[in-house]
Amino acid sequence: WVVHNVKTSNEINEIVHDIANGSAVGVSDGSYKDDLGTACWIFENGTCTERIVGLIDVPGHDDEHDAYRSEIAGLYGIVMAVNMLVKIGNISGAKIEAGCDGLSALHRSFWDNEEDISCTDVHSDSLSGIHGLRHNMDVTWIYRHIPGYQDDVPLDNLDRWAKLNIECDHRAKTFMTSIL
């Protein structure tokens, strides 16, 4: 479900190369409205010339959906994409930086002690999936909180992370209207 709706640039060789050298980045954002969740994740090489974009229709019953679940789904997309790319490139010892505007989702997704996740935790299904994938990869994860709601700031005044977050937010909301 995390990689059902994915588009890539014509080439992704540099993304694989930049995973190995630690300059690839991933950003995600989730959207929630009327008991429906969507997310978008973008994974780019270091020079922003190659990318992979994923859109997610977040699974779950109506009463399970919230903004937090959508944020986690976007991060799950990044981790799943890295997992596949690490296998394709036969990469070990990679370093990846991932970011989103959901601070709690970042902490819980990239917390090093997965034993702290219990089946009684909210959205333990997705969090356990993220930790399970991360546990089986030789990747060092660095996470970055991106301040949200910067849409009204001129793009020239924003860094790469903020621009990617805005793009993910827009794509997640647009995707939501397409599946309503």
Residue pairs qualifying under the 6 Å Cβ cut-off, at least six apart or on distinct chains, with the first in the range 150-166 being in contact (Cβ under 8 Å) with a residue 12 or more places away in the chain and under 18 Å from residue 102 (Cβ atoms) and the second being open to solvent by 30 Å² or more (accessible area, probe 1.4 Å) and assigned to a loop (DSSP other than H, G, I, E, B), are 162/150; 165/101; 166/151
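So that you can scan it fast, the table gives a plain yes or no per residue for (1) touching a helix residue (DSSP H, G or I) at 6+ places or on another chain (Cβ under 6 Å); (2) aromatic (Phe, Trp, Tyr); (3) open to solvent by 50 Å² or more (accessible area, probe 1.4 Å); (4) not in a loop (DSSP other than H, G, I, E, B):
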position: 2; (1), (2), (3), (4): yes, no, no, no
position: 10; (1), (2), (3), (4): no, no, yes, no
position: 18; (1), (2), (3), (4): no, no, no, yes
position: 29; (1), (2), (3), (4): yes, no, no, yes
position: 48; (1), (2), (3), (4): no, no, yes, no
position: 56; (1), (2), (3), (4): yes, no, no, yes
So, first residue polar (S, T, N, Q) in the range 55-79, second residue open to solvent by 50 Å² or more (accessible area, probe 1.4 Å), Cβ within less than 6 Å, six or more apart or across chains; the pairs are 70/32
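The values are calculated or read from the model by the stated rules, or taken from the named source; none is laboratory data. Because the structure is a prediction, the values reported are computed rather than measured. Using ideal geometry, Cβ is built from the backbone for each residue, glycine included, and neighbour counts are taken over all protein chains shown. Surface accessibility is based on the protein's heavy atoms, side chains included, excluding ligands, DNA and RNA. Shrake-Rupley method; radii C 1.70, N 1.55, O 1.52, S 1.80 Å.
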